[in-house]
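The values are calculated or read from the model by the stated rules, or taken from the named source; none is laboratory data. Since we're looking at a predicted model, the values are computed, not measured. Cβ: placed from backbone, ideal geometry, glycine included. Neighbour counts: every protein chain shown. Quick note on the areas: whole protein, heavy atoms, side chains included, nothing else; ligands and nucleic acids left out. Shrake-Rupley method; radii C 1.70, N 1.55, O 1.52, S 1.80 Å.
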Amino acid sequence: MSSSVAPPVVPQTPIQPTDLPAPGPRRPGRLVQILGVLVVWIVLWLVLRGTNTLALAEADLTPFHERINDLRDWVDANRNSSPIFLYVFNEIRVVIDALSTALRHLIAVPADGETIPTLGWLGVTAVFTFIAGWLGNIRVALLTAVGFVILGLQGLFTESMDTLAVTLAAVLVSLLIGIPLGVLAGFNDRFNRMITPFLDFMQTMPSFVYLAPLTLFFGIGLSSAVITTVIYAAPPAIRLTAHGIRSVNKATVEASQSLGSTSWQTLTHVLLPMSRRTIVLGINQTIMAALSMVTIAALIDAPGLGKTVIKALQSVDVGTAFNAGIALVILAIVLDRTTTAMAVRSEGVTQKRQFGLAARLAQLRRPMVLAGAVATIVVAYLSRVYVDLAIFPKPASGSPLNLGRLISSGADNATTWVQDTFPTLTSGLQEVTTTWLIDPLQSLLTDSPWWVTAAAITAIAFILGNVRAAIVAALCLVLVMATGLWEDSMITLASTLVATVLVVAFGIVVGVWMGRSRRADAAIRPILDAAQVLPPFVYLVPVVALFNPSRFSAIIAALVFAAPVAVKITADGIRHVSATTVEAAVAAGSSTSQVVRKVQLPMAAPALTLATNQGLIYVLSMVVMGGLVGGGALGYDVVAGFSQGQLYGKGLAAGLAIVLLGITLDRVTQAASRRVGRPGR
C-alpha cells in the first residue's frame with residue numbers, strides 16, 4: 001500500500017489591482033489609422049491645393065523624355081553599324097521576321113508574286129480541323145470547322161488567319177525557349193529560385209508595358225510584335241513545365257535511377273511522360289497569352305484582328321469593333337478547346353473503358369485519322385490549285401449569310417436602343433460615378449502637392465503592409481516623379497483604385513454567393529472560366545458601345561476584366577472556411593448575414609487580400625489599355641508615343657511609370673496579405 005504526502009500549501013497573496021502593470025495606451029486599429037491619414041491629407045489638400053502638382057501639358061517633354069528621344073535617334077542611326085545591333089538584335093529580328101512571314105504566307109496572305117496564300121481558306125480550314133481532331137476529338141474538330149467558316153462569313157478570314165499566324169509564330173518560339181528552361185528549373189533548385197522572381201515580375205506587369213522598350217531595340221513592326229508576345233507568353237510554359245517535373249513521384253524517379261537509367265533516359269522516359277498533362281496545360285496558357293498579346297501588339301504594327309479593333313475603337317465604330325471582337329472570341333475558343341482536349345487525351349482519360357457508339361468510334365480512330373489525313377491533303381491541294389477554293393466566297397451584301405453586316409448593324413442598333421431606353425444605366429450611372437467617385441479621388445491625388453501625396457501613400461503602405469512595403473512605395477513614387485509624368489500617374493492610380501473597389505465589392509458579393517451555394521458555383525464558374533480566356537481588347541468593345549469613350553468606360557472594362565479572378569478566389573476562400581465553425585455559429589442562433597459578416601468573411605480574409613492583389617494587377621492592366629477609349633493618362637501617353645515620333649520618349653517613360661505603379665500596388669497588397677494571414681495580426 002502506498003502512501004502519499006500532500007505538498008505543503010503555499011499561502012497565496014491576493015494580487016492587488018495596484019500590483020498589475022498599468023495598461024498602455026490602446027493602439028488604434030488600421031482602419032482608424034488610415035482614416036487619420038486621409039483626414040490629414042484632405043486638410044492639406046484644402047490648404048495647399050494646386051501647388052507643386054508637377055503637371056505636364058500633353059505636348060510638353062521633360063529633359064528625361066528628350067534624352068530617350070536622343071537615345072532612339074542614336075539607335076536608329078547606328079542600327080546597321082553598331083556590333084550589338086548587327087550581330088545580336090538584327091539577327092534575332094531577321095530570324096523572327098522570317099518565321100512569322102513564312103507562317104503568314106502559308107495561311108493568311110500571298111507572298112510576293114503570288115495571288116493567294118500557300119493554303120487557301122478551304123485548305124487552312126481542312127488542316128486545322130484535322131489537327132484539332134487528331135490532337136483532341138471529333139467534337140473539337142467540328143467546332144474548329146464551324147468556327148473557321150463563321151470567320152469567313154464575318155468577312156474577317158484573312159485578318160483572323162493573320163492573327164493566328166503571328167500567334168503560332170510566337171507560341172513556337174515561346175515553347176522552344178520555355179520548355180527547356182522549365183525542365184532546367186524542374187531539375188535545379190538554384191535555377192528555379194533564380195528565375196522565379198523574373199517570372200513573377202513578367203506575369204504581374206501590365207501587357208502594355210512590354211511594347212515600348214522592345215521597339216527601341218527591334219523597331220516598330222512584325223518582329224517586335226512577335227518578340228513582345230514571346231516575352232509575355234513564355235512564363236506559363238516555363239512555370240508549368242517546372243511544376244510538372246517537380247510533381248513527379250520521387251519514388252518513381254529513384255526506381256528509374258536504381259535500374260541504371262541515365263539522367264537523359266529518366267527525363268525522356270519518366271519525367272516528361274508523367275508530367276505531360278501539366279506541360280500541355282502550360283502550352284494552353286501560353287497560346288492564350290500569345291493570342292491576348294498579339295491583339296495588343298497591333299499598336300506596334302502587328303497584323304490581324306487587333307488592328308481592326310483598334311481602328312474601330314478609335315473611330316467609335318461599335319459595329320465593326322464588335323464584329324472583330326467576336327472573331328477574336330471564336331479564335332480563343334477554338335484554340336482553348338483544342339489544347340484542352342489535347343491535355344485530356346494526353347492524360348489517357350479517353351482510353352478508359354467505353355461502351356456503345358463511343359467504343360466503336362474509339363476502335364475506328366486510327367483508320368479515321370488516316371482517312372482524315374488523306375482527305376486534308378487532297379483538299380489542301382485543291383485549294384492551292386483552284387483560286388475559287390482559295391478565297392472565301394464573299395456573301396452578297398443583303399444575304400443572310402453575311403454575318404459581318406448582320407453583327408455590325410445589330411451591335412449598332414442594340415447600342416442605340418440601350419442608350420435611348422436606359423439613359424440612367426448609361427449616362428446617368430456614368431455621370432454619378434464620375435462626379436461622386438472618380439473626380440474627387442483624382443483631385444485629391446493630382447491637386448495635392450506631390451510631396452503630400454507621396455507621404456500619404458507611403459504612410460498607407462506602412463499601415464497596410466510593413467516598413468519594407470513603405471520603403472518600396474516611397475522609392476517607386478520618387479522614380480515616378482523622375483519620369484516627369486506624376487500627374488498622369490496619379491490619374492491612372494485614381495482610376496485603378498476606383499475600379500479595384502468596384503471589383504472587390506463585386507467579388508465579395510458574387511464570391512460569397514458561389515462559396516455558399518454549390519448550385520450557384522456550378523452555374524457561374526464556367527462563365528468565369530470562359531471570360532478568363534478572352535483577349536482584353538474584347539472587353540473594351542461592349543463598354544465603349546454603352547458608355548462612349550471616357551475614363552468611366554476604362555473603369556467598367558477593368559471591372560469586367562478583373563471580376564472573374566476576384567470572384568473565383570473569394571469563392572474558394574469562403575468554401576474553405578471550416579464547416580464546423582460555420583455550423584457552430586448557426587447552432588448558436590446566428591442569422592445568415594451574421595455568419596457571413598462575423599465568421600466566413602473574417603476567416604477568409606487571406607483569400608480576400610489575395611483577390612484584392614490580383615484584382616489590382618488585372619485592373620491596372622486594363623485601365624492603362626483604356627487610354628485607347630478615352631481613359632487618357634499613362635495609357636494615352638504610351639499610345640501617343642507609338643504614333644507620334646516626338647512623343648516616343650514620353651511614351652517610354654509612361655511605360656516605366658506603369659511598371660512602378662504596378663510594383664507599388666503589388667508589394668503593398670502582398671505585404672497586407674501576409675500580415676492578414678499571420679496569427680495575432
field: Of residues in segment 595-607 being within 11 Å of GLY515 (Cβ to Cβ), of a type in the set (A, V, I, L, M, F, W, C) and part of a helix (DSSP H, G or I), the one most open to solvent (accessible area, probe 1.4 Å)
entry: LEU601
query: So which residues in segment 608-645 are open to solvent by 20 Å² or more (accessible area, probe 1.4 Å), of a type in the set (Gly, Ala, Ser), in contact with a helix residue (DSSP H, G or I) (Cβ under 7 Å, 6 or more places away or on another chain) and under 18 Å from LEU211 (Cα atoms)?
result: GLY632
message: Name the single residue that is farthest from PHE642 (Cα to Cα) among those in segment 50-88 being of a type in the set (Ser, Thr, Tyr) and open to solvent by less than 80 Å² (accessible area, probe 1.4 Å).
response: THR51
- request: Tell me which residues, restricted to segment 420-438, are of a type outside the set (Ser, Thr, Tyr) and closer than 18 Å to ILE555 by Cβ.
  value: LEU425, GLY428, LEU429, GLN430, GLU431, VAL432, TRP436, LEU437, ILE438
field: All positions within segment 54-86 that are over 30 Å from PRO449 (Cα atoms), part of a loop (DSSP other than H, G, I, E, B) and without any contact (Cβ under 8 Å) to a residue 40 or more places away in the chain
entry: ASN80, SER81, SER82
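May I ask you to verify whether THR196 is free of Cβ contacts under 8 Å to residues at least 60 places away in the same chain and part of a helix (DSSP H, G or I)?
Yes: the conditions hold for THR196.
This table checks each residue for (1) open to solvent by 20 Å² or more (accessible area, probe 1.4 Å); (2) part of a helix (DSSP H, G or I).
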{"position": "LEU119", "(1), (2)": "yes, no"}
{"position": "LEU122", "(1), (2)": "yes, yes"}
{"position": "THR125", "(1), (2)": "no, yes"}
{"position": "THR129", "(1), (2)": "yes, yes"}
{"position": "ALA132", "(1), (2)": "no, yes"}
{"position": "ALA141", "(1), (2)": "no, yes"}
{"position": "PHE148", "(1), (2)": "no, yes"}
{"position": "GLY152", "(1), (2)": "no, yes"}
Whichever residue in segment 79-129 is in contact with a Ser or Thr (Cβ under 9 Å, 6 or more places away or on another chain) and of a type in the set (D, E, K, R) and, among such residues, is modelled with the lowest pLDDT: ARG93
- prompt: Of all the helices (runs of 4 or more DSSP H) wholly in segment 218-332, which have at least 2 residues that are more than 26 Å from ASN402 (Cβ to Cβ)?
  reply: 222-247, 250-258, 263-266, 276-296
Filtered residue count, segment 501-530, keeping only those that are open to solvent by 20 Å² or more (accessible area, probe 1.4 Å) and either of a type in the set (Lys, Arg) or in contact with an Asp or Glu (Cβ under 9 Å, 6 or more places away or on another chain) (or both): 6
task: Report whether or not ILE310 is more than 16 Å from the chain's Cα centre (by Cα) and at pLDDT 85 or above.
output: no
query: For segment 154-173, how many residues meet the condition of being open to solvent by 40 Å² or more (accessible area, probe 1.4 Å) and either free of Cβ contacts under 8 Å to residues at least 60 places away in the same chain or in a helix (DSSP H, G or I) (or both)?
result: 4
- request: For segment 540-591, name all the residues that are under 28 Å from THR426 (Cα atoms), open to solvent by 20 Å² or more (accessible area, probe 1.4 Å), in a helix (DSSP H, G or I) and not β-branched (Val, Ile, Thr).
  value: PRO542, LEU546, ARG551, LEU559, PHE561, LYS568
statement: Within segment 471-493, the residues that are open to solvent by 10 Å² or more (accessible area, probe 1.4 Å) and within 16 Å of VAL638 (Cα to Cα) are GLY484, GLU487, ASP488, ILE491, LEU493
field: Selection within segment 217-239 - open to solvent by less than 60 Å² (accessible area, probe 1.4 Å), at pLDDT below 85 and among the hydrophobic types (A, V, I, L, M, F, W, C)
entry: PHE218
message: Taking the condition of being touching a residue at least 40 places away in the same chain (Cβ under 8 Å), of a type in the set (A, V, I, L, M, F, W, C) and farther than 21 Å from VAL94 by Cβ, how many residues in segment 234-268 meet it?
response: 6
message: Contact list please: Cβ distance under 7 Å, first residue in segment 281-298 and among the hydroxyl-bearing types (Ser, Thr, Tyr), second residue not in a helix (DSSP H, G or I), pairs at least six apart or on different chains.
response: SER292/PRO535; THR295/PRO535
message: All but one of (1) in a loop (DSSP other than H, G, I, E, B); (2) without any contact (Cβ under 8 Å) to a residue 60 or more places away in the chain; (3) more than 23 Å from ALA312 (Cα to Cα) hold for LEU441; state the number of the condition that does not hold.
response: (1)
message: Checking the conditions here, which among THR262, THR252, THR278, THR268 is surrounded by fewer than 18 Cβ atoms within 10 Å (Cβ to Cβ), at pLDDT below 85 and within 26 Å of LEU135 (Cα to Cα)?
response: THR268
statement: Per the list (1) closer than 30 Å to ASP336 by Cα; (2) assigned to a helix (DSSP H, G or I); (3) more than 29 Å from the chain's Cα centre (by Cα); (4) among the hydrophobic types (A, V, I, L, M, F, W, C), residue check on VAL109 breaks on (2)
task: For PRO393, indicate whether it is over 31 Å from the mean Cα position of the chain (by Cα), of a type outside the set (A, V, I, L, M, F, W, C), open to solvent by 40 Å² or more (accessible area, probe 1.4 Å) and closer than 17 Å to ASN548 by Cβ.
output: no
message: For segment 404-429, which positions are over 10 Å from LEU546 (Cα atoms), polar (S, T, N, Q) and touching a residue at least 24 places away in the same chain (Cβ under 8 Å)?
response: SER408, SER409
- prompt: Somewhere in segment 224-245, is a residue out of contact with any Leu (no Cβ under 7 Å at 6 or more places or on another chain) and basic (Lys, Arg)?
  reply: no
- prompt: Among all residue pairs at least 6 apart or on different chains, which show Cβ distances below 8 Å where the first residue, located in segment 381-401, is in a helix (DSSP H, G or I) and the second is open to solvent by 60 Å² or more (accessible area, probe 1.4 Å) and of a type outside the set (A, V, I, L, M, F, W, C)?
  reply: ARG384/THR118; VAL387/THR115
- prompt: Out of all the residues in segment 89-117, which are hydrophobic (A, V, I, L, M, F, W, C), in contact (Cβ under 8 Å) with a residue 24 or more places away in the chain and open to solvent by less than 50 Å² (accessible area, probe 1.4 Å)?
  reply: PHE89, ILE96, LEU103, ILE107, ALA108, VAL109, ILE116
- prompt: Any residue at all in segment 412-425 that is open to solvent by less than 10 Å² (accessible area, probe 1.4 Å) and either of a type outside the set (S, T, N, Q) or under 28 Å from VAL638 (Cα atoms) (or both)?
  reply: no
